[in-house]
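The values are calculated or read from the model by the stated rules, or taken from the named source; none is laboratory data. A quick note: this is a predicted structure, and the numbers were derived from the prediction, not measured. Because the Cβ atoms are built from the backbone with ideal geometry, glycine has one as well, and the counts that use them run over all protein chains shown. Heads up: the accessible areas ignore ligands, DNA and RNA and are worked out on the full protein's heavy atoms, side chains in. Shrake-Rupley method; radii C 1.70, N 1.55, O 1.52, S 1.80 Å.
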Amino acid sequence: MKLRCLVVDDKPLAIDVLADYAGKVRFLDLVATTTNPIEGLNIVREQNIDLVFLDIQMPELNGMQFIKLAGKQCKIVLTTAYADYALDGFEHDVVDYILKPIAFERFYRAAEKALNLSLHKPTPGNESPLVSQQPPPEYLFVKTEHRIQKINLADILYVEALQNYVSLNTTNGRVMSLQPLKKIEEQLPAAEFVRVHKSYIVSLRHIGSVERSRIFIGDTIIPVEDSYREGFYKLIDKG
């Protein structure tokens, strides 16, 4: 599988670097480059682009405006010299956020992440056999108040929705995230994590015991809501 990609940056030197990198990655097909973000939008709409490497600070149309106008037509990797926009970028579901100057290894990891996302989300009726060959994710990134934090899935005990935050309770302590519980749930592998309550997702590997409608994880007792009970018991009764 190849991703049809586009580079949009108002600096020709930055385009040269990214175009050179794209040419070295076998699963990228560089369709076009442009210093004009408006032209870039037209390319996205007319040439079936899968992935855009996009600068933020550009005249006429900045990166965030570009993302809003492009909608869900393509995946975005932001390439910028400014760290200030990281939270805004991830609020728009960008694949990755790379700070300039960009090393090839960092570029490759971002491209690989975009490829994995494409393989894990096949279009209906066109499922790729490559999907089942991909290893399950080992970590996720969550937005906290001041940064983007990486959390290993194996460390997560349970996730709890609070009034304005989501609490990810891990073996290393608690991480408070600004993302809604549904957004966190979408990033967790269903084979390892299960929703048991409107406010709780639990890690199957860390469940110590289950008693009636209560789950024991360490010293914490988590309720199983009626609407989730049947699905939860079916899951833990397998095998």
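If we count every other residue with Cβ under 12 angstrom of A110's Cβ, Lys/Arg +1 and Asp/Glu -1, where does the sum land?
+1
Got the relative contact order for the chain handy, in percent, Cα pairs under 8 Å and 6 or more residues apart?
The normalised contact order for the chain reaches 10 percent.
Add +1 for every Lys or Arg and -1 for every Asp or Glu among the other residues with Cβ under 10 Å from the Cβ of A14, and state the total.
-2
Run the dipole for the chain about the Cα centre, Lys and Arg Cβ at +1, Asp and Glu Cβ at -1, nothing else charged, and hand back the magnitude in debye, nearest 20.
With only Lys, Arg, Asp and Glu charged at Cβ, the dipole is about 460 debye.
How much of the pair distance distribution for region 171-239 lies past 13 Å, counting alpha-carbon pairs only, in percent?
Tail fraction, whole percent: 67.
With n ≥ 4 as the cut-off for DSSP H runs, can you work out [θ] at 222 nm for the chain, using -39500 (n - 2.57) per run divided by the number of residues, rounded to the nearest 500?
Mean residue ellipticity at 222 nm (helix-derived): -9000 deg cm²/dmol.
Which whole number of Å³ per residue matches the convex hull of the alpha-carbon atoms in the chain?
150 Å³
Taking the Cβ of L181 as the centre, find all other residues whose Cβ is under 12 Å away and add up their charges (Lys, Arg: +1; Asp, Glu: -1).
Spelling it out: positives minus negatives among the neighbours equals +1.
Within the chain, what percent of beta bridges assigned by DSSP are antiparallel, to the nearest 5?
60 percent
Probe radius 1.4 Å, ligands and nucleic acids left out: which of D237, D93, D10 has the largest accessible area, and how do the rest follow?
Per-residue accessible area, sorted high to low, gives D237, D93, D10.
Which trypsin sites (Lys or Arg not before Pro) in region 1-45 sit in a loop by DSSP (not H, G, I, E or B) and have at most 16 other Cβ atoms within 10 Å of their own Cβ?
K2, K24, R26
Assuming a ≥ b ≥ c are the square roots of the Cα gyration tensor eigenvalues, decide whether region 1-112 counts as rounded (a/c under 1.5), prolate (otherwise, with a/b larger than b/c) or oblate.
Rounded.
Lysines within cross-link reach of K198: Cα-Cα under 29 Å, excluding same-chain residues under 8 positions apart?
K72, K121, K143, K150, K182, K183, K234, K238
Over region 181-221, one equal point on each Cα, no solvent: what is log10 I(q)/I(0) by the Debye formula at q = 0.19, 0.22, 0.23, 0.30 Å⁻¹?
Log10 of I(q)/I(0), two decimals: -0.56, -0.73, -0.79, -1.13.
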